[in-house]
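Chemist: Pasting a structure below so you can have a look.
Values quoted throughout were computed directly from the atomic coordinates according to the rules given, and no laboratory measurement underlies them. Since the structure is predicted, the reported quantities are computational estimates derived from the model, not experimental observations. Cβ sites come from the backbone with ideal geometry, for glycine too, and all protein chains shown count toward neighbours.
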Amino acid sequence: MTISDIREQKISEDDMKALEKLEKGPWPSHVTELKKTRYPIEYYAWGVMHKYSPWYSGSFRVRYVFSGILARRSRDGKVSEVHFRTYSPAGRFLSTAYLKKIAYVAEQYGIGLLEFAGNTGAIVINIQPDKADQAIDIIRNVMGSDVGGSGDTFREFYACPGPALCEFALYDTLAAMDFFRSHPEIYKFLNTQLFPYKLKMKFSGCPFDCAGANARSDFTFIGTWVGAPEVDQEKLREMIKSGKVDPKELAKRCPSGAISWDDDKQQLKIDGDRCLKAMNCIKMAFPAIKPGKNRKIAMLVGSHAQAHYGPRLSWGVALLDDYKEALPFILKVIDIYSNNAPRRHRLADLILRRGFRLISDAAKETLPDKPKAAPSSHLRFTTGVVLSDDERVTYAEWAKSLVKDYYGGEQ
C-alpha cells in the first residue's frame, strides 16, 4: 500500500464484503450495530481490509469551549466528525432521564453513536460538525452537563462505585470525586488549558484499585488501613469446616508471608507489620477476614500508561484520614508542575527529570503531620479483583523465570 493509496482511500466491494464475516455467528455483531447508526461504515471496512486507520486526527473549534472536543476526518477528506467528551456522575450512576437526554443529543446532533466504556470516565458523543454549536447549547442547558476532559487540562475524574455497591470500600469514593471536581480551585482548570499537558485524578475504595488509579493517574487515592486485617476466628473456623476456606492455602498465597495458621489452636495469625494489603486473604475468606479498622486513604502521585520515559506506577506520598486534607498539596503540586514541566510532559516525567524531592517538599509543607504512604501496598498494573487465581500463578511464575534468567538463580 502506497502513500497515494492511503490518501485516495478507494473503497472497493471487497472491502464491504469483508464486513459480512463480522456479522456471522451467534454473538452480537458490532458491525450490525454500527450499520444502525450514521457511522460511515465503508471507511471502517477500508480500515479493516488495509489494516490501517481510515482517519486523520485533528482539531475543531466551538464557541466558548476550550476543552473536551476532538476531531477527525477521513484520509480522503470527504468525511469528518467531532467527538464531544461529556462529564458523567461519580461512579457512572446514570439515571434513565439523563440517558434519554444524551441519546437525544446523539440522534439529533450526532450520528447515533455513544461511547460509555472509555477509561477517561467521560461519555463520548460523535457530533456532526455543522451541528456542534447547537449540541453544546443542548448539553449545557437541557442535559445539565458540560463538555470537557481533553487537552492540557484536568481530564474527567474517575471513581469506582465505592460504598454504593462494594463491601470492600474503605472510604466514600463518590463524595471524594464530587468534592474535588466541584471545588472552585479545581473546577477552574476543567475547561481551561493551562497545564504543560494533561492531569488525571482517580479514586479507588480499596487496594483492589478497580479505578486503575495506581497505573493511570497523576493524583491517586486508594482506600487502605494500618496494621493487620480484622479476623473473626469463629466465623473463619466455620468457613474452614464447611470447606469454603483452606487455611494452609490462605497462608501460602500471602505475598509477604504475613499469615500463619496454628493447627493446634485452630487460629489464624496475621503480622500487621508485614501485611502488604494485597487483599488475597480477604477475597478468599470474606467476611471472616475484613480490612482493618484503622482505615486510611493512601495518596500517591505520578502514574501513567504512556509518556516520555515509559509507563510508571505511582509514588507514595501520604496516608490521609480524610481526602479533603489533600487539597493544599494538590494545588501546590499543580503550581510546581505548571512552572517546571516542559510541554507535553506528564507529572511523572517531571519527577523523573527533577527528582521526587519536588513532591516530598510539597508534602512536608502542606501535610506536615501525615505518615508517608507505602506504594508497595498497591502495586497493581490492572484491577486485582479481576485477575483469576490461574492468572496470578501464571504471572508469578513468569516473574520468577525472569529473575532466574537475569540473575542466574532465585532472588
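Chemist: Where does each of 86-92, 133-139 land if you order them by average Cβ count within 10 Å, highest first?
Modeler: 86-92, 133-139
Chemist: Arrange D209, D172 by Cβ neighbour counts within 10 Å, fewest through most, would you?
Modeler: Numbers: D209 27, D172 19.
Placing the least packed residue first, the sequence is D172, D209.
Chemist: What nm value, rounded to one decimal, do you get for the distance between K10 and Q108 when each label is placed 7 Å out toward the C-beta?
Modeler: 4.3
Chemist: Charges only on Cβ, +1 for Lys and Arg, -1 for Asp and Glu: so what's the dipole of the chain about the Cα centre, in debye to the nearest 20? Spell out each step's value before the answer.
Modeler: Numbers: 60 positive and 50 negative charges, 135 e Å.
It comes to approximately 640 debye.
Chemist: On to the next question. With a Förster radius of 22 Å, plug the Cβ-Cβ distance of K51 and H308 into 1/(1 + (r/R0)^6) and report the FRET value to the nearest 0.05.
Modeler: Plugging the Cβ-Cβ distance into 1/(1 + (r/R0)^6) gives 0.20.
Chemist: Using the number of other C-beta atoms within 10 angstrom as an exposure proxy, rank M143, M177 with the fewest first.
Modeler: Numbers: M143 18, M177 26.
Arranged by neighbour count, lowest to highest, M143, M177 become M143, M177.
Chemist: Can you give the extra length, in nm with one decimal, that the chain gains between E23 and D390 once fully stretched, where that is 0.36 nm per residue apart less the Cα-Cα distance?
Modeler: Gain in length upon complete extension: 128.9 nm.
Chemist: Pick the calculated Kirkwood radius over Cα pairs in Å for this structure from [x] 25.0; [y] 23.0; [z] 24.2?
Modeler: [z]
Chemist: Okay, next question. Would you compute, from DSSP H runs of 4+ residues alone, the mean residue ellipticity of the chain at 222 nm, taking -39500 (n - 2.57) per run and dividing by the full residue count, rounded to the nearest 500?
Modeler: -10000 deg cm²/dmol
Chemist: Additional query: How far is it, in nm, from the label point at Q233 to the one at Y187 when both lie 7 Å from their Cα along the line to the Cβ?
Modeler: 5.3
Chemist: Still on this structure, I have one more. At a Förster radius of 56 Å, what calculated FRET efficiency corresponds to the Cβ-Cβ distance of D133 and K364, to the nearest 0.05?
Modeler: 0.70
Chemist: Given a cut-off of 19 Å, name the pairs among K296/K324; K296/K332; K277/K324; K283/K324; K200/K332 whose C-alpha atoms lie farther apart than that in the structure shown.
Modeler: On the way: K296/K324 12 Å; K296/K332 22 Å; K277/K324 23 Å; K283/K324 29 Å; K200/K332 16 Å.
Checking Cα-Cα distances, K296/K332; K277/K324; K283/K324 exceed 19 Å.
Chemist: Let me ask another. What relative contact order, as a whole-number percentage, does the chain give when Cα pairs under 8 Å and 6 or more residues apart are counted?
Modeler: 12
Chemist: What's the longest uninterrupted piece of the chain once you rule out the GluC sites (Glu not before Pro) that are loop residues per DSSP with at most 16 other Cβ within 10 Å?
Modeler: 168-409
Chemist: What FRET efficiency comes out for L99 versus D178 if R0 is 30 angstrom and r is the Cβ-Cβ distance? Round to the nearest 0.05.
Modeler: It comes to 0.90.
Chemist: Something else about it: Net charge within 13 Å of K17 by Cβ-Cβ distance, Lys/Arg positive one each and Asp/Glu negative one each, not counting K17 itself?
Modeler: -4
Chemist: Modelled label-to-label distance, R295 and S260, 7 Å Cα→beta-carbon offset: nm?
Modeler: 3.0
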